[in-house]
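Enquirer: After the structure tokens below, expect a handful of questions from me.
Only the coordinates and a few stated rules stand behind these numbers; no lab work does. Note that this is a predicted model, so its numbers are computed, not measured. We place every Cβ from the backbone using ideal geometry, glycine too, and count neighbours over all the protein chains shown.
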Amino acid sequence: MSYRPWIMSSHKRPSSGWLAAVLRPYLVLIGPLARDRRGMSAVEFGLAAPVFLAMLTPVIDLGLAFSQQIRVNQAVEAGAQYASSNPYGGTSWASAVSSAITNATSLSVNPSVGSETCGCPNSTSTAIVTGSYGTPPNCTSNSCPDGSSPGYYVTITGNVTYTSVMPYSILGSSATLSSQAVVRVE
């Protein structure tokens, strides 16, 4: 029979205190680091900044789209102002109005100048009630339904394609921004 005296002896296995005794010098060094709160705001900012920027990017993209829409409106208004202050005169006049639109902004606006039409202002809205179309327009009636005299009108439009900053934006990858003005020319 095999006899193992060390098993039967009152000798105890080493307790877990030896591990604590070995690690105590290192824990003394780590303890103050664990309690140190310096730099916590930098860590919190590093965790929160990507989430904040992900929420803010669509708002910035929408703001840029509105800014470009305003610039397109202003360019079309510049073309309308040119059209109302210069007498109507065919294709060279239409190209001059188009140049006024494109020169009013740094955007790549696609201008369009419609043909001259005869019409009367609508008393209930800003729409123009057009009469007959022709070259030159036939505007022979003496008065409009509201008592004013008919006039010659030109529709001026401008379009630009807005490319989104972020492809997953509210507007999609691109959107067409447009503006229109109806101008009375004499």
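Enquirer: Ranked from highest to lowest mean number of other Cβ atoms within 10 Å per residue, what is the order of the peptides 100-106, 174-180, 39-45?
Expert: Highest-to-lowest ranking by the protection proxy: 100-106, 174-180, 39-45.
Enquirer: The stretch 32-59 to the stretch 72-125: how many Å between their Cα centroids?
Expert: Using only Cα atoms, the two centres lie 52 Å from each other.
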